[in-house]
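Engineer: Quick one: this structure, given as structure tokens, is what I'll be asking you about.
The values are calculated or read from the model by the stated rules, or taken from the named source; none is laboratory data. If you're wondering where the values come from, they're calculated on a predicted model, not measured in any experiment. Note that we place each Cβ from the backbone using ideal geometry, even for glycine, and neighbour counts take in every protein chain shown.
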Amino acid sequence: MFAFVTRYFSEFRILKSASRDFWLTNGIQFFDGLAYFSMITVLSLYLTTNCGFSDVDSGKWVGIYTLYITAFVFAVGSICDVIGIKRSLVIGISLLILSRLGLGVAPLFLRDDPLQLTVKGLIIVMSLGTAFMSPVIMTALRRYTSKETRATGFNVYYLLMNIGAVIANALIVDLMRTGKAFGLVVFKGFGNVTGNLVILDIGFGAAICALVCSLLLREHNWAEPSERNAVSTAKRPLHLFLEVWREKPFQKLVLFLVLTLGVRLVFTHQFLVMPKYYTRMLGSDFELGFANSINPIIIVIGLIVLIPVINRFATIKLIILGMAVSAFSLVFLAVPIDWVLRLPFLHNHEQAYYFIIVTQIVVFAVGELIFSPRFTEYIASVAPPDKVSSYMALSALPMFIAKPINGFISGILISRYCYDGIRPKIETGNVGYVHSPEFMWMIYLSLAVLSPIAVIALKGYLTRGDSQPPAPGTNAS
């Protein structure tokens, strides 16, 4: 028993031996996560209530935001591999400071077309700043962790990111909009309109904190000396970009990512579809932040408990299992609400919608807990040491295609199946299944289940002839 406990806590040795730069990188991610998760939770609502966008246009511009992130990230990855981590982070965070402040104050001074035009421009600037964050942070995490500590390092990163998501949603979003935190009344709150602006202003402050952390990073600190020798800065970004595209391991990685699109798009529903679905099914005073904090709370608890367990299984098996669980979670939202009402402990539509929403969040979080940390680690680990940022950036190609499509479609589906005022019609029985929000979720469920099926079908090809060793902490089985 004592030996088991010793082995369990030995998995967390990185917490003791990690360099200052590893923790600064996590600090950057934490502060950026506070800003990003709170902003993305209310972005579609902000565009509608603060800026006058329609449901379709708000969905379109959230889709454009994600489209430009991915478009810019293609170039950012190769640029980071050439100019370095520190400079890349300073550039990206500076753009985020400018855009988040602008979004937070623009509705106070502008109206109608000038406001919408300004907001559209700031969204594009924010997408460029956001594009710098993920590939550069992944590169920093790989640089500041050794091969032995890398798996745990990525799990710790994912753990801290989700702690930031909990704070962003349960505290910042709910506290600013409703004055509540975890269901407890703290103060009156700023309301649904002013609260959105305050949330964006808080993101501006968090970005400043992230900038301070980035200025303290040491560019040339390598936890794995052998990887330092493999890096060459002589290549130009365009040459590096084209070189990566010709590599067979990268081509196989892109195929793998395409196969996982169905489930990965479920993540985008959390900011494209869920905010309006929640508020229109359960009222405008629904604690949106608390609902969105359930997922990261489960992730945080699960990672603390399961990091040593998760690290003992093969990455591909965890990804398949996690995707299957996450896809299955949409079943709860797709079941006809009349069937849900037959459960003996549910007595009205409000209770039924609360039940299916919370159940879906919990089941999806379990699936995310299983596969997401290893998913990110997998992409970073298969990349050559001198091309980590390029791999991380170019691996966004499938989402580059899918995110804007999902953004446009989400606005259309919301306006058709979850429009403002549909709840009373549902309660009076005037909405059939094919015209209900549940049918909308059936459409998404049909797409999500394709991912685990496709990966299972092509698992042999994806893993055959793999020149890369198994990720640290995994079995080869």
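Engineer: Is at least one residue of region 359-366 modelled with pLDDT under 80 and among the hydrophobic types (A, V, I, L, M, F, W, C)?
Structural biologist: No: zero hits.
Every residue, every condition in (1) at pLDDT below 80; (2) more than 30 Å from ALA324 (Cα to Cα); (3) surrounded by 13 or more Cβ atoms within 10 Å (Cβ to Cβ), yes or no:
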| site | (1), (2), (3) |
| --- | --- |
| GLY179 | no, yes, yes |
| PHE190 | no, yes, yes |
| VAL198 | no, yes, yes |
| GLU227 | yes, yes, yes |
| THR233 | yes, yes, no |
| LYS252 | yes, no, yes |
| VAL263 | yes, no, yes |
| GLN270 | yes, no, yes |
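Engineer: Another question, then. Restricting to region 185-207, give me the number of residues that are more than 22 Å from the chain's Cα centre (by Cα) and of a type in the set (Gly, Ala, Ser).
Structural biologist: 3
Engineer: Working only within region 338-350, note down all residues that are surrounded by 14 or more Cβ atoms within 10 Å (Cβ to Cβ) and either closer than 18 Å to ASP285 by Cβ or touching a Lys or Arg at 6+ places or on another chain (Cβ under 6 Å) (or both).
Structural biologist: Answer for region 338-350, where residues must be surrounded by 14 or more Cβ atoms within 10 Å (Cβ to Cβ) and either closer than 18 Å to ASP285 by Cβ or touching a Lys or Arg at 6+ places or on another chain (Cβ under 6 Å) (or both): HIS349, GLU350.
Engineer: Applying the selection to region 284-296, what residues are of a type in the set (A, V, I, L, M) and crowded, with 20+ Cβ neighbours inside 10 Å?
Structural biologist: The answer is LEU288, ALA291.
Engineer: Right, here's the next one. Taking only pairs six or more apart or across chains, which ones have beta-carbon atoms under 7 Å, a first residue in region 314-337 that is touching a residue at least 40 places away in the same chain (Cβ under 8 Å) and of a type in the set (Val, Ile, Thr), and a second residue that is surrounded by fewer than 18 Cβ atoms within 10 Å (Cβ to Cβ) and outside any helix (DSSP H, G or I)?
Structural biologist: Taking only residues 6 or more apart or on different chains, not a single pair turns up.
Engineer: Another question about this same structure. Do the conditions hold for LEU259, that is, is it modelled with pLDDT of 85 or more and in contact with a helix residue (DSSP H, G or I) (Cβ under 9 Å, 6 or more places away or on another chain)?
Structural biologist: Criteria not met by LEU259.
Engineer: Right, here's the next one. Take region 141-184 and flag every residue that is more than 24 Å from the chain's Cα centre (by Cα) and under 24 Å from GLU219 (Cβ atoms).
Structural biologist: Matches in region 141-184: SER146, LYS147, GLU148.
Engineer: Among the candidates VAL56, VAL42, single out the residue that is in contact with a Gly (Cβ under 9 Å, 6 or more places away or on another chain), assigned to a helix (DSSP H, G or I), under 16 Å from VAL173 (Cβ atoms) and at pLDDT below 90.
Structural biologist: The conditions single out VAL42.
Engineer: Report the residue count in region 107-132 for those that are touching a residue at least 12 places away in the same chain (Cβ under 8 Å) and farther than 18 Å from ILE64 by Cα.
Structural biologist: 3
So that you can scan it fast, the table gives a plain yes or no per residue for (1) surrounded by fewer than 18 Cβ atoms within 10 Å (Cβ to Cβ); (2) among the hydrophobic types (A, V, I, L, M, F, W, C); (3) in a helix (DSSP H, G or I):
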residue: THR66; (1), (2), (3): no, no, yes
residue: VAL76; (1), (2), (3): no, yes, yes
residue: ILE93; (1), (2), (3): no, yes, yes
residue: PRO114; (1), (2), (3): yes, no, yes
